[in-house]
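Undergrad: Pasting a structure here, questions to come.
The values are calculated or read from the model by the stated rules, or taken from the named source; none is laboratory data. The shown structure was predicted, so the numbers you read here are calculated from the model rather than taken from an experiment. Backbone-built Cβ (ideal geometry, glycine too); neighbour counts: all protein chains shown.
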Amino acid sequence: MTFAITQNCCTDAACVAVCPVNCIHPAPGERDFGATEMLYIDPAACIDCGACADACPVDAVHPAEELPRAQQQYAGINAAYFERSGQPERQGADHGPNFHAWGTPEFERVLPADFAPLRVAVVGTGPAGMYAAEDLLLHTRSDVTLVDRLPAPGGLIRYGVAPDHLATKRIGETFARLHTHPRVRMHLGLDVGTHVTAAELAAHHDAVIYAVGAATDRRLGIPGEDLPGSIAATGFVAWYNAHPEVAPDAVALSADRVVVVGNGNVALDVARILARDPGSLTGTAVAGHALEELRRSKVREVVLLGRRGPEHAACTGTELLALKNLPGVDLVVDDHDPRVGAAIDAAGAAGKAALFRDVPREAVDWSAPPDPSGRRRRIVFRFHSEPLEMRGDENLRAVRVTGGAGEREIPAGLALRAIGYRGVPQSGLPFDEDSGTVPHERGRVTGLPGTYVVGWIKRGPSGGIGANRRCAAETVGTLLADAVAGRLPAPTGGARAFRRLARRRR
Ligand code: NAP
């Protein structure tokens, strides 16, 4: 029996560090690390010790023979990676010892043993901020001030990860253990820019790391975008995750058809939550108000608009597979453009479009309403189709879109714009309007000594949870190198003074 990695792999490679035989790839330092959707266990090398399963923060690793039906294909998916990538990637096949990078971080070698502990503020308690805090706490003697503008920590783990992805949310428990670390001080409900300035925060710490993410949504720039009934998927996600800044009645599910613009993982998340049996959400992390509305929901059909073809769908294959296995939900590909079927038929086994091969194709008749009597709901993938206009008066009535046979209207009472997040300027920091990020060099903010960025405000809004581990290692490495080189400005206030300031201002 061997182990296999499954759908919710976070790619942070915590498993790689504990594998005694190097059978998990791609590993840190290997060419493909960071470029694959998940990590894979080589069944020919796995010795079935289970160390990876114990170390996985998101419960993604299981014995291949015990996988539940919906996950059984992951045994083959793990094996196929090694068949595809061939012998050079199969570094564990000799059952050699594990020398992967996570075990001995670069920066441990950077810091002289007698280096005075640093005091570092981390703004934002989502995954990027917490990986940075973890590096500082576990590999240096630094004191860490955790700051979050919201009253509860967790960032996108709490307010972004879908409520039915409970295993993924579990990584929040790993991070939460650091909240009570003896060298951590946490300030919740403290907004840098409102309660304290960036300069004040910097003056009380040796360095500040901003992990503030991408707090808003991208805009389509089409007529009718702001009609009632057209909302950003980021707002919908915040609604079902009980974000304190989104009203419980912010969403009404009274339409029978919903159009989702985009086909990335956020689009798939919202489509899944809308389409799945609300009864199956009991016991998940879904907000009570959202569950009530989902139980009343009239939605029968969710249409995912992709502006490119199936071969370029932005979602990961793992999330698509999960959607295909969702009980009570049918998937359909709208066969409106010959390029769609052609791409699906021509796709190689590893291509994204191949995942649609067993999905029925039909030329959808948009003049007919979704079947109101049907107990099943359906998700329609419409590729090569862009929204041109949101139409309606008091409320959205239809979305005008492009397509193979020309423009057409898709009647819909709700549209969710899932075209990506966007960073917002952080008071006191430079900002690049084009990319929505803070300009930096390996995490060091341009022109602001002692100030650093990590996560989506550094790289832009893409990449899953594990990508932040690599990103944080780079930023913390830069910070420590600056500290050793004497490039950090000296703080003028201490920890106690900052606590007093924060208490007074909040
Ligand atoms: P994303 O992956 O960048 O997808 C954005 C989608 O919007 C793409 O389909 C894109 O099409 C489309 N789009 C962008 N601009 C458009 C426009 N003007 N008109 C029409 N379509 C447009 O963004 P996301 O879904 O917000 O996800 C952000 C990151 O979080 C991703 O890395 C994602 O994997 C991650 N995430 C992961 C999970 C998970 O693992 N379960 C869940 C949620 C989010 P093009 O591809 O043609 O640009």
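Undergrad: Hey, which of the strands (runs of 3 or more DSSP E) in the range 352-438, taking only ones fully inside, have at least 2 residues that are within 15 Å of the ligand (Cβ to nearest atom)?
TA: Correct list: 377-382, 387-392, 396-401, 414-417.
Undergrad: Something else: Is the range 215-224 home to any residue that is buried (at least 16 other Cβ atoms within 10 Å of the Cβ) and more than 16 Å from the ligand (Cβ to nearest atom)?
TA: Within the range 215-224, none of the residues are buried (at least 16 other Cβ atoms within 10 Å of the Cβ) and more than 16 Å from the ligand (Cβ to nearest atom).
Undergrad: Could you please give the count of residues in the range 307-317 that are within 11 Å of the ligand (Cβ to nearest atom) and buried (at least 20 other Cβ atoms within 10 Å of the Cβ)?
TA: Result for the range 307-317: 2.
Undergrad: What number of residues within the range 124-162 are of a type in the set (A, V, I, L, M), surrounded by 22 or more Cβ atoms within 10 Å (Cβ to Cβ) and away from the ligand (no atom under 15 Å from the Cβ)?
TA: So the count comes out to 7.
Undergrad: Further, regarding this structure: I'm trying to understand the selection: among the residues of the range 13-71, which are surrounded by fewer than 24 Cβ atoms within 10 Å (Cβ to Cβ), farther than 22 Å from THR316 by Cβ and touching a Gly at 6+ places or on another chain (Cβ under 7 Å)?
TA: Residues satisfying the conditions are ALA17, VAL21, ASN22, ALA45.
Undergrad: So SER462 clears everything in (1) over 17 Å from ASP135 (Cβ atoms); (2) more than 16 Å from the ligand (Cβ to nearest atom) except one condition, right? Which one?
TA: (2)
Undergrad: Select from the range 410-439 the residues that are touching a residue at least 24 places away in the same chain (Cβ under 8 Å) and not hydrophobic (A, V, I, L, M, F, W, C) and list them in ascending order.
TA: Matches in the range 410-439: PRO411, GLY413, ARG417, GLY420, TYR421, ARG422, GLY423, GLN426, SER427, GLY428, SER435, GLY436.
Undergrad: Could you count how many residues in the range 252-268 are surrounded by 20 or more Cβ atoms within 10 Å (Cβ to Cβ) and either away from the ligand (no atom under 12 Å from the Cβ) or outside the structural domain of ARG382 (by TED's automatic domain parsing) (or both)?
TA: So the count comes out to 3.
Undergrad: For the range 105-185, which helices (runs of 4 or more DSSP H) that fit wholly inside it have 2 or more residues that are in contact with a strand residue (DSSP E or B) (Cβ under 7 Å, 6 or more places away or on another chain) and closer than 22 Å to HIS204 by Cβ?
TA: Filter on the range 105-185 gives 127-139, 171-179.
Undergrad: Taking the condition closer than 27 Å to VAL401 by Cα, assigned to a strand (DSSP E or B) and within 14 Å of the ligand (Cβ to nearest atom), does LEU331 pass?
TA: no
Undergrad: Please name all residue pairs, on different chains or six or more residues apart, with Cβ atoms under 9 Å, provided the first residue is in the range 266-292 and is under 19 Å from GLU245 (Cβ atoms) and the second residue is polar (S, T, N, Q) and within 16 Å of the ligand (Cβ to nearest atom).
TA: Pairs found: VAL266/THR234; ALA285/ASN241; VAL286/ASN241; ALA287/ASN241; ALA290/ASN241.
Undergrad: Any idea how many residues of the range 172-184 are crowded, with 18+ Cβ neighbours inside 10 Å and over 24 Å from the mean Cα position of the chain (by Cα)?
TA: 0
Undergrad: Follow-up. When you look at LEU304, is it within 11 Å of the ligand (Cβ to nearest atom), surrounded by 19 or more Cβ atoms within 10 Å (Cβ to Cβ) and under 23 Å from ASP256 (Cα atoms), yes or no?
TA: Spelling it out, LEU304 is indeed within 11 Å of the ligand (Cβ to nearest atom), surrounded by 19 or more Cβ atoms within 10 Å (Cβ to Cβ) and under 23 Å from ASP256 (Cα atoms).
Undergrad: Here are the criteria: (1) more than 15 Å from the ligand (Cβ to nearest atom); (2) at positive phi. Tell me which single one ALA481 does not satisfy.
TA: If we test ALA481 against (1) more than 15 Å from the ligand (Cβ to nearest atom); (2) at positive phi, just (2) comes out false.
Undergrad: In addition: So which residues in the range 240-249 are part of a loop (DSSP other than H, G, I, E, B) and either under 15 Å from LEU274 (Cβ atoms) or aromatic (Phe, Trp, Tyr) (or both), if there are any at all?
TA: If the condition is that a residue be part of a loop (DSSP other than H, G, I, E, B) and either under 15 Å from LEU274 (Cβ atoms) or aromatic (Phe, Trp, Tyr) (or both), then ASN241 is the only one that fits.
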